[in-house]
Every structure is written in C-alpha cells, then in structure tokens.
Amino acid sequence: MRALATGVAASAMSALFAAPAFAKEELLGQPTPGAIDLQRGVTPLREDAIFFHNAILLPIITAITALVLGLLIWVVIRYNRKANPTPARWSHNTVVEVVWTLAPVLVLVFIAIFSFKLLFAYHDMPKPDLTIKATGYQWYWGYEYPDQKIPEFVSNILPEDQAKAKGVPYRLAATQPLVVPVNKTVRVLVTGADVIHAFAVPSFGVITDAIPGRVNETWFKVDRIGTFYGQCRELCGVDHAFMPIEVRAVSQADFDAWVASKVAKPAAATPTAAAAAVQGKAPAAAAAAPTSPAPAAPAAY
Ligand SMILES: [Cu+2]
C-alpha cells in the first residue's frame, strides 16, 4: 500500500513539475497566462521558497493525500458489510496508535528543518546597499530614498489607455516605478499611512505588511536587469486592486543617473516631504507622517 501511494505521488509530482513547460513562453516578473506553477524567481530568497514549496511541501502533501485516499478505498472495499459481514470486536492497538502519533511528528520535524532555514534566511539580511521606504496609501504607493535624499514620490496605477499604448500590463504597471540597482541588497522599510496594506512582489519572494504607525522591514537582491511587478496584498478598500508595484532593476550606472534626475527636480515631491528634506530631517519627518492621518482611518474600514 505504501509503495503504491509513493508511486502515485511520484507520477503526480512529475506531472506537476512538467506542467510549466506547457506554457508557451514564461513571462518574467509578472503572471503568465495559462501557467500553473509559481511565478519564477529573480532573487535567492524566491529560489529557496520555490524549492521549499515544490521539492519539500508538495511531495509530502501529495504522498499523505494519496496514502489517506488509498486507506479509505481499501477500507471501503475490504471491510464493507458484504465483504466483511462479521466485523472484529477488538479496540485499541498500541502499535498503530504509536505510529499514527509519531509519523506526523516526524513529518513536521522534517518540514521544520527546511522551513526554519528559509525563515532565518529571510531575517538574515546582508548589509544593505540601498534603503527604500515604501508607504501604502489608499490607494497608491509612496516611495522615498532617504540616503539618496530623494523625497517621497507617488506611484499610481498607469491608466488603461496608457498601459495599452506602452504595451505594459494594465493593473501591474505604475506611473512611477521603484528603481533599484541590480545585484545589490535593497532594504525596504514598509509602512502604511491610513489602513493596512502589504508590499508584495512575487518574483522577489517578498511580502510585508504595511501597517500604520509601524515600520516593517524586508529585503531583496535582484539577480538580473528587468521590470518586475507586484501588488498590494492586503484588502485595503475599494481600490485595493488598483495600487500596483512596479520595480525596475537597472545597472548601477543607470540607477545613479536616475537618482541624479530625481534629486534635480524636487518639485515633483509632496510638499511635506520636500519641506522636510530641505530641513534635513526627511527620515524622522517621514516616519512621523503616517501617524498623523491615522485618526481618520477607522472611517475608511
Ligand atoms: Cu492596499
């Protein structure tokens, strides 16, 4: 029975692993129509998370499901009223009880080994090369680069006609992308200004809650140049589906040029952030900012 279950699990697994090959051309940094596997990763954390899901969790859950299904079918066929008119009268079996207590514990311990390794990897951020502050608003994102003295700028959803004209995915593309250098550790400080949002970019394997009055931290290191999309991942109101995250990973030279262009025209910034930047207290002022509109927040729920 166990061998049969393992066989079924193995064939199911090979079918699942083979499936992504059916998708014509897998898109990077965004969903691929018709694909069923997880979105491909462009950061080490994402690769590890995909391995944990596909190579550890999926085979285990498949094997357990197949085993339980097999046992059920066996009992239904072998021990129904016709096949087994006089059932046994005994109850309790120490061996069986020890096995069905110990086996799940061992399975959980096995999962925990890989799970904890991944959790520690997420928390063990290398020394960051760049810090970005991402603030969730109803319903857009504000990005600030404190070290580069780039005051907060607003990133809205790119309207449908403009997205079509540019050939970029509507509801994923943003008016102003988050720009990061490739192969550099980027720390993201995430907070919310009104209600709880969440900063999530699937291809980075990153999802962090944006909570008013609190600063959460996450990090990523993109291994290739490109555009990668994410979305708010916490139901935050009527336009929750319309506050995309667009991240552009560029070469260090392009990043420096972008920083220079941003610093050159502070007029694009919000008045408060710009004023704070002039006074040289941008981070403190910005950190305090989300708390001020907080009293109005409950009405928004
Ligand atoms: Cu949101």
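Positive contributions from Lys and Arg (+1) and negative ones from Asp and Glu (-1), summed over other residues with Cβ under 9 Å from the Cβ of H197, come out at -2.
Seen from H53, the other residues with C-beta closer than 12 Å to its C-beta sum to a net charge of -2, counting Lys and Arg as +1 and Asp and Glu as -1.
With the simple spin-label model, which puts each label point 7 Å out from Cα in the Cβ direction, the E160 to V75 separation comes to 5.2 nm. Ranked for footprinting exposure by Cβ neighbours inside 10 Å, fewest first, R214, R233, R89 give R89, R214, R233.
What order, most packed first, do the peptides 140-153, 215-228 have when packing is the mean number of other Cβ atoms within 10 Å of each residue?
Details: 140-153: 21.0, 215-228: 18.4.
Top of the packing list down: 140-153, 215-228.
Sorted by packing (mean other beta-carbon atoms within 10 Å per residue), highest first, where do 123-130, 44-51 land? Walk me through the intermediate numbers first.
On the way: 123-130: 12.1, 44-51: 16.8.
Descending mean neighbour count gives 44-51, 123-130.
A simple spin-label model places pseudo-atoms 7 Å from Cα toward Cβ; at T86 and H123 they are separated by 6.1 nm.
Throughout, read-outs are computed from the coordinates displayed, never taken from laboratory work. Just so it is clear, the model here is predicted, and its values are computed rather than measured. Cβ atoms come from the backbone with ideal geometry, glycine included; neighbour counts cover every protein chain shown.
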